[in-house]
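The values are calculated or read from the model by the stated rules, or taken from the named source; none is laboratory data. Predicted, not measured: the structure shown is a model, and the values here were computed from it. Methodologically, a virtual Cβ is constructed for each residue, glycine included, from the backbone with ideal geometry; neighbour enumeration extends over all protein chains shown. Ligands, DNA and RNA are excluded from the accessible area calculation, which covers all protein heavy atoms including side chains. Shrake-Rupley method; radii C 1.70, N 1.55, O 1.52, S 1.80 Å.
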Amino acid sequence: YLRITEVMYNPIGGSALEFIEVLNTGPITIDITSSSFADGQPFTSSPFPAASLAPGEYGLIVSDAAAFTAQYGSGFNIIAEWPAGALSNGGERIVFRGPLGNVIHDFTYDDLAPWPTAADGSGPSLEVIDTEGDYNDPLNWRATTTGGSPGEATIFDSDGDGLSDADEITNGTD
């Protein structure tokens, strides 16, 4: 139930503002102590410190906690800070491992179409559409409408009718 939901790989303010957002999509609290990214995919990694995520709770892995807080404010659930390196602005492979070393995610994002190109340095981040979908499918990702949406779900209403795109899909309306 631990899912990557957002990747801010080329923020306007530089690599200190990069982050990866995770979400507990399940019904029980998940201990994420010792979860990690494979070294070099995407950055120099170290296991997460002691942390858990309640059902529906977001956590953020950030490049620089002080820079992140200066940009987005306080009150975010920063669960880890990566010690060195950065996300590639040209796309790269991300390998995310659970506390026991099991691979949770292994996908490659890109900055070229059909990937959402607005996420490449113009402000938005990449946000997954379906956490149970194919993370390697560029159509399962969208650019956020703002400079990232750390710690919260972005609600899209592409036709401006007051119903979210997700609600319209669920209800078969347009």
**Q.** Ranked order, Val103, Val95 - accessible area, probe 1.4 Å, largest first
**A.** Val103, Val95
(Q) As I understand it, the dipole of the chain uses +1 on the Cβ of Lys and Arg and -1 on the Cβ of Asp and Glu, about the Cα centre. Which of Trp115, Ile28, Ser45 lies farthest toward its positive end? (A) Ser45
Q.
In Å², and per residue, what accessible area does the chain have when probed at 1.4 Å with the other protein chains present?
A. 46 Å²
Q.
Explain nothing, just the number: dipole magnitude of the stretch 1-67 about its Cα centre with +1 on each Lys and Arg Cβ and -1 on each Asp and Glu Cβ, in debye rounded to the nearest 20.
A. 80 debye
Q. Which value, in debye to the nearest 20, gives the size of the charge dipole of the stretch 1-119 about its Cα centre, when Lys and Arg are +1 and Asp and Glu are -1 at the Cβ?
A. 160 debye
**Q.** Given charges at Cβ of Lys, Arg, Asp, Glu: the chain dipole, positive-most of Pro99, Gly151, Gly56
**A.** Pro99
(Q) Suppose only helical runs count, i.e. DSSP H with n ≥ 4. What mean residue ellipticity at 222 nm does that imply for the chain under -39500 (n - 2.57) per run, divided by all residues and rounded to the nearest 500 deg cm²/dmol? (A) -2000 deg cm²/dmol
Q. Of (1) 24, 19, 16; (2) 42, 24, 14; (3) 30, 18, 16, which one was derived for semi-axes √(5λ) of the Cα gyration tensor in Å from the structure shown?
A. (1)
